[in-house]
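Written out below as structure tokens is the structure these notes cover.
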């Protein structure tokens, strides 16, 4: 599985959304992506890609799309 | 207590383990079967030997971690070491702190910042990192060692007391925010306790010991016993609470 596939699968598993919904998905756009869901997502990403995100990036991580940019900052090839 | 270990299979992170309350919490937790990341600021041969002997005595893993929690780089390195171990973080005890006693008008801004840096900002940031382990596990217990100084408004404790009051409020907030993730957070407010820090307590308060409450000063083991309860499943339904451990002093 590529990093991109892992990234997408984590969103689908964490928030119970379909793959088609991912491009437009944003924080609080679905019930499951609340503050608790956000921490579950971040914890999952950190474990999956063996990274430790700065708090500023955790706050900035407010959409599926911007997540790519943030992960690349941590040298994750997505 | 032999044969009855309340923390068997759990792993705890404890800060400020080299003396006083932190050391007592470390001893109590390992006696109850917990593996421990024992955090102190500086590496010393005495502490390394102490943890080695303690580990052997109770057949548990103790991993000493040396870092200055107010140094972000050192703190992150320590968190990475915890992550690399592959061990869970079931319990976090934020204990490391410094005392300070001065009248409000005699409290310089530099000291205010220093006390808040160590007593509040550092545990706040460390918890931000470590709570993610608990979120993944969907369980955990965070225990913040505050102080009655954060509740009582004693003369001479505007700086120290405020830092501990901040901790008490913050504990209630994270208890609410992480309840859905199965994570509990509670504070302990020790009163006068027999540690080096008692020297920071104003004379007027120390003078109450002979007559008040149970008529003795608290011991680090008194605080450790409360921490043990909050770390264990005995307190599974307790979160967002502040437990005053002061022997009933007025």
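Bear in mind that the values in this text are calculations on the coordinates, not laboratory data. Everything numeric in this text was worked out from a predicted model, so none of it was measured. Glycine gets a Cβ as well: all are built from the backbone with ideal geometry, and neighbour counts include every protein chain shown.
In a Gaussian network model over chain B where Cα atoms closer than 10 Å are linked, find which of B:45, B:227, B:102 has the largest mean-square fluctuation.
Among B:45, B:227, B:102, the largest mean-square fluctuation in the Gaussian network model of chain B belongs to B:45.
What is the angle, in °, between the Cα long axis of helix B:45-58 and the longest principal axis of the Cα atoms in chain B? Nearest 10 is fine, range 0 to 90.
Tilt relative to chain B: about 60 degrees.
Report, to one decimal in Å, the Kirkwood hydrodynamic radius for the range B:88-142 based on all distinct Cα pairs. Kindly include the intermediate steps, with their values, before the conclusion.
Details: mean 1/r = 0.0777 Å⁻¹.
Computed over Cα pairs of the range B:88-142, the Kirkwood hydrodynamic radius comes out at 12.9 Å.
Testing the spin-label approximation: label points 7 Å from Cα along Cα→Cβ at residue B:168 and residue B:128. State their distance in nm.
2.5
Need one number: nm distance between label points at residue B:176 and residue A:1, each 7 Å from Cα along Cα→Cβ, rounded to one decimal.
Distance between the two pseudo-spin positions: 3.6 nm.
Given a Förster radius of 35 Å and the C-beta distance between residue B:225 and residue B:103 as r, what FRET efficiency does 1/(1 + (r/R0)^6) yield to the nearest 0.05? Walk me through the intermediate numbers first.
Working: r = 34 Å, r/R0 = 0.98.
Working from the Cβ atoms, E equals 0.55.
Please check: in the Gaussian network model of chain B (C-alpha springs, under 10 Å), which one of B:88, B:220, B:109 has the largest mean-square fluctuation.
Result: B:109 has the largest fluctuation of those listed.
Can you put B:245, B:115, A:36 in order of Cβ neighbours within 10 angstrom, beginning with the fewest? Mind showing how you got there, number by number?
Numbers: B:245 18, B:115 21, A:36 15.
Ascending Cβ contact count within 10 Å gives the list A:36, B:245, B:115.
Given that compact globular proteins tend to follow 2.2 N^0.38 Å, what is the ratio of the alpha-carbon Rg of the protein assembly as shown to that value?
Working: Rg = 21.2 Å, N = 328, 2.2 N^0.38 = 19.9 Å.
Against the compact-globule rule of thumb, the ratio is 1.07.
Between 0 and 90 degrees, rounded to the nearest ten: what's the tilt of helix B:20-31 against the longest Cα principal axis of chain B?
30
Listing B:41, B:19 from the residue with the fewest other Cβ atoms within 10 Å to the one with the most, what is the order?
Numbers: B:41 17, B:19 14.
Lowest to highest Cβ neighbour count: B:19, B:41.
For the range B:1-123, report the convex hull volume of the alpha-carbon atoms normalised per residue, in Å³, without decimals. Display every interim value, and only then the final one.
Details: hull volume 14.3 nm³, N = 123.
Here the figure is 116 Å³ per residue.
Report the far tail of the P(r) of the range B:11-245, meaning the percent of Cα-Cα pairs longer than 30 Å. Walk me through the numbers before you get to the answer.
Numbers: 5712 of 27495 pairs.
Here the long-distance tail beyond 30 Å is 21 percent of all Cα pairs in the range B:11-245.
Tell me, what does the Kirkwood hydrodynamic radius of the range B:77-214 come to in angstroms if you use every pair of distinct C-alpha atoms? Present the calculation step by step, with values, prior to reporting the outcome.
Numbers: mean 1/r = 0.0618 Å⁻¹.
Computed over the range B:77-214, the radius equals 16.2 Å.
Quick one: Kirkwood hydrodynamic radius for the range A:3-73, alpha-carbon pairs, angstrom, one decimal? Mind showing how you got there, number by number?
Details: mean 1/r = 0.0834 Å⁻¹.
Radius from the Kirkwood sum: 12.0 Å.
Quick check: pseudo-label points 7 Å beyond the Cα along Cα→Cβ at residue B:196 and residue B:49, how many nm apart are they?
1.9
Cut-off is 10 Å between beta-carbons; in what order do A:12, B:183, B:14 appear when sorted fewest neighbours first? Could the numbers behind the result be given before it?
Values: A:12 15, B:183 22, B:14 30.
Going from least to most buried by this count: A:12, B:183, B:14.
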